[in-house]
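Colleague: Structure below; questions to follow.
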Amino acid sequence: MLKAIGKTPIQPHHRASCHCGAVVLEIHLPAGLPQPHRCDCSFCKRKGAIVAAVPATDLKVIRGQAVLRKYQFGRQVAEHFFCGICGIYTHHRRSTNPNEFGFNIGCMEGVNPYDLGSVPVADGGKWEEPMGQSR
Ligand SMILES: [Zn+2]
């Protein structure tokens, strides 16, 4: 668990927002931030965000539920959410574990994700359907 990213301490209830501010999340991180990673599935490799995952009950949309848009593909398990105004990906329900949300570390208040240096790449592509979208 990370207790800080750069000089920014991870708060027990850390806020995250899209670029325009319409969508605000509150993420419960009582023990710090779980392992940040990237994913190499056909969607994430295009999006490029560094993400971490929490139990679904630990992520709340506290503003902007109505402007959130949802994108699904392939097995239709994962739900990828992004702001309908500014287009920024905020969080997603994970296909590998639908009881968890991944979220965009770049959206976290006060956090520069590039302070993390290089992060592991998860093999998300293997969860896609063999005949799914081309990668
Ligand atoms: Zn926005």
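Colleague: Amide H neighbours of residue 68 under 5 Å, at least 5 residues apart or on other chains, H built in the peptide plane: list them.
Modeller: Those qualifying (amide H under 5 Å, at least 5 residues apart or on another chain) are 84.
Colleague: With 10 angstrom as the radius, rank 83, 39 by how many other C-beta atoms surround their C-beta, starting from the fewest.
Modeller: Starting with the residue having the fewest Cβ neighbours, the order is 83, 39.
Colleague: Which shape class applies to segment 4-121: rounded if a/c is under 1.5, otherwise prolate when a/b exceeds b/c and oblate if not, where a ≥ b ≥ c are the square roots of the Cα gyration tensor eigenvalues?
Modeller: Judged from the Cα gyration tensor, segment 4-121 comes out rounded (a/c under 1.5).
Colleague: Further, regarding this structure: Between residue 121 and residue 77, what is the label-point separation in nm under the 7 Å Cα-to-beta-carbon projection?
Modeller: 2.2
Colleague: Here's a follow-up. Less than 25 Å apart at the alpha-carbon level, and either on another chain or at least 8 residues along: which lysines does that give for residue 45?
Modeller: 70, 126
We did not get these values from a lab; they are worked out from the coordinates using the rules stated. Predicted model, so just to flag it, every value in this text is computed and none were measured. Don't worry about glycine lacking a Cβ; one is built from the backbone with ideal geometry, like all the others, and counts go over all protein chains shown.
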